[in-house]
Each structure stands twice: as C-alpha cells, then as structure tokens.
Amino acid sequence: MQKKNLQNLKKTDLIDIINVQQEEIDSLKKDVKSLKSKLKKAEKKASINDISLKINKAVEDTEKYLEELKKLQKEATEYLSTIKSVNNSDFEGHAENITNEEELESTNGKETIIIDGIDTKDRSQIVEEGNSSLLPAVFPTNADLAIISSIYINIKRNRLKFIVFYIVSAIVITLSLTTFVKGYSQDVEINSLTQNLENYITENETEKQDEKQYIVDFDELNKINSDTVGWLKVNGIEINMPIVQSNDNSYYLKHSFDNKSNVSGWAFADFRNKFDGTDKNIIIYGHNRRDDIMFSPLVNVLKPDWYNVEENSIITFIDENQGEKKYQVFSVYQTEVEDYYIQTDFSKDSEYQKFFNTLKSRSIKDFNVEVTSNDKILTLSTCGNNSKYRVILHAKQL
C-alpha cells in the first residue's frame, strides 16, 4: 500500500495541475479574442494612435504569457506520459490509492525516503518487497522529484506573474478604452457643434471678383456664449468658426463653445488681447485634434499645396466690435514651445520691427510681404503632431 500511495500522488497532482492550467488557458484565449474584437470595433470608429498601440501591446504580452503557460503544461504532460507508460507495463494497480506523505532528505550523502512514517536508507527494501526490477523506474528518484517540483514551481510562479500582469493590463486597457471612447464621443459633439454654428455666418457676393463679404449673427452667438469676440475663416482648410475669449488661457482648453466640459476645447483668443483696435498682435489658439476638428487643419499650412495657392494667403477675421478684417499671410513655420511669438506689448517701434523680422525669417516660404512697425498682425497657433512643437501662422492686417 505504501508503494501504491507514493506513485498515485505524483499522477493525481500532475493531472490536477494540468487541468487547472487548461482551464486558465481556455479562459485566456477568450479574453484575448475579446480584446482583439474591441480593438477592431474601435479602429472602425476613429484612428486609435497611441491607445491602439497600448491595446496591441497588451494583447501581444497576454499571448506571450499564454504560450509560456502552454509550454509548461506540455512539459508536465510529457513527464506524466512517461510515468504512465511505465505504470502500464506491470504496475497498473500501483496508481490508485496514494497519500500526500512524501518527503526527501539527504543523510550522509545517501537518499532517505519517508513513506507513511517508514524511513529507508535506500531503495533495496522497497524493490525486494515489490519483487520487480521495474520498481526503481516506477518510484521517483530525487531527479524525478526535482523535475516535477521545477515544473510545478514554474507553473505557480508564472501563474501568479500572469495574474498580476493580466490584472494590470486589464486596468490599463479599460482606462485606455474609456478615455478613448470619451474623447471620441466629445470630438463627435464638437464636430456637430461646429457644423451647427456655421449657420450663424452668411456669405454675400461683392463687386470684386472672387471676393465675398461675411455677415455673422453675433446676437445669437452671444446667447449661446457671451465670451464670443469674433469669427475666423481660413481659406483652403476647414477652419470656419466663432472665436471666444476668457480671463485666462486655460478655460477653453477643456471647454467647448457651449461651455460644456470637453477635451477638444475651443478656439480662443489670448486673454491679453483687447479687441478695441489697439492690439498689435491678436493671438488665437486651438487644439490639434483628430478628424480635422478645432485647429488640427492648421498643420496643413506647412504644405506646399496650401501655401502655394494665392487665395489661401488671405485670412478673414470678423471682429464683433470692429467688423470684418482681412489679413495677408507672411510667415508659416513650426517651432518648439516658446513665448516669443505670442508677445503682445512692445516698448518701442524698433523692438516691434525686430519682432516682425524674426517671424519672417522663420517662415518656410518667402511670401514677399512687407511688414512694418505700423502694421497689426494676426497669429494662429496649434500643437504640431508632436506636442513638443507648435505650428504657427502670422498674417498682417490689410
């Protein structure tokens, strides 16, 4: 009975381990399939960018750990198969009733096996009682038990490691998807709002060919948002929207025109601008968002197919107080984040002229437009595709 108990312990333990791991593998396969499905649906709605990369990375790591678990399970299965093949030779009955009382010790360099409380210095006694030369192969040696222990420990370690990794990955993926879905839904709201607000501006033909006059219903716009100060229209790109101004440069980074909280924000004028006809440099900011909303189309001013079209060089800004104004582009460029180009006050004309000269020298195209200290300018600013940079457009008032 003691010999049977020892053999059955190894078999049942391995079978239990394999069964548990198989259940986990099946569960993980479903989780990976679910994650891929969510990613596929998200890609159909919008460009996922960094979030997509995070989700793909999590899926890849999950599959990698899944493969490790399957490899460990395979090792355990192969070892069990070897044991079972020996059992089937002459000792099929020796694999039925087993206890968990098994312990290996090392005494004076010799093996000591404790079976149900019986201490043996070697295996000769067990072999003699079993009357079979196969017993030494059936009963596990120290090496056998080391293999089983190693496989079991690796499975346990990797299972714990994977559980922790999976939980963290699940949290990251959930938060990423939540952020993405929230951001996407808010972008959709902004896009819809922008299109609706275009109903508040009308175009009228003028006597001059290809020139239009714009009339903005500021009374109705102020009913929606009393911070409205003007309307901006840039030819050749999809920027046609009302401009607001707050008492700081942070509120409209996270609020839309209807004053709702929104990560897309709204296009707004620098809080230092007065809009009374005295501004030397009117500065308007806007986020670079997906789907060409807010100021994201502004990055296109760096492309030849925009700045080489003559009509695109005229920017229209309808001031609520001063009326419609036309500006001619004289500089477009990309620069690292700085405060220089958003300067609004100048102590003397020479400083102002130097400011203009610097802005012109930065331009990726020479627009051949003269700018003097008597001119007033309009500056448009947004993030580049890398948030480290800003895409800038400068135009002088005509």
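Of the residues making up the stretch 218-274, those that are surrounded by fewer than 16 Cβ atoms within 10 Å (Cβ to Cβ) and touching a Lys or Arg at 6+ places or on another chain (Cβ under 8 Å) number 1. I'm trying to understand the selection: among the residues of the stretch 190-204, which are crowded, with 16+ Cβ neighbours inside 10 Å and either in a helix (DSSP H, G or I) or assigned by TED's automatic domain parsing to the domain that holds ILE293 (or both)? ILE190, ASN191, LEU193, THR194, LEU197, TYR200 - these are the residues of the stretch 190-204 that are crowded, with 16+ Cβ neighbours inside 10 Å and either in a helix (DSSP H, G or I) or assigned by TED's automatic domain parsing to the domain that holds ILE293 (or both). Does PRO297 count as of a type outside the set (Phe, Trp, Tyr), out of contact with any Gly (no Cβ under 6 Å at 6 or more places or on another chain), buried (at least 17 other Cβ atoms within 10 Å of the Cβ) and at pLDDT below 95? Yes, satisfied.
Per the conditions (1) touching a Lys or Arg at 6+ places or on another chain (Cβ under 7 Å); (2) among the aliphatic types (A, V, I, L, M); (3) closer than 26 Å to VAL244 by Cβ, the sole criterion not satisfied by VAL369 is (3). Only one entry in PHE356, PHE346 is in contact (Cβ under 8 Å) with a residue 60 or more places away in the chain and among the aromatic types (Phe, Trp, Tyr), namely PHE346.
Just one of (1) surrounded by fewer than 18 Cβ atoms within 10 Å (Cβ to Cβ); (2) modelled with pLDDT of 95 or more fails for ASN281. It is (1).
Apart from one condition, THR358 fits all of (1) hydroxyl-bearing (Ser, Thr, Tyr); (2) closer than 27 Å to GLY277 by Cβ; (3) surrounded by 14 or more Cβ atoms within 10 Å (Cβ to Cβ); (4) at pLDDT 95 or above; the exception is (3). Taking the condition at negative phi, over 35 Å from the mean Cα position of the chain (by Cα), exposed (fewer than 13 other Cβ atoms within 10 Å of the Cβ) and among the aliphatic types (A, V, I, L, M), does VAL337 pass? Judged against the criteria, VAL337 is not a match. Inside the stretch 249-290, residues that are among the hydroxyl-bearing types (Ser, Thr, Tyr), more than 19 Å from THR344 (Cβ to Cβ) and out of contact with any strand residue (DSSP E or B) (no Cβ under 9 Å at 6 or more places or on another chain) make up a count of 1. Only one residue in ILE318, ILE282, ILE293 is aliphatic (A, V, I, L, M) and closer than 19 Å to ASN374 by Cα. Which one? Being aliphatic (A, V, I, L, M) and closer than 19 Å to ASN374 by Cα holds for just one of ILE318, ILE282, ILE293, which is ILE282.
The values are calculated or read from the model by the stated rules, or taken from the named source; none is laboratory data. Predicted model only: the values in this text are computed from it and were never measured. Quick reminder, even Gly has a Cβ in these numbers, built from the backbone with ideal geometry, and neighbours come from all protein chains shown.
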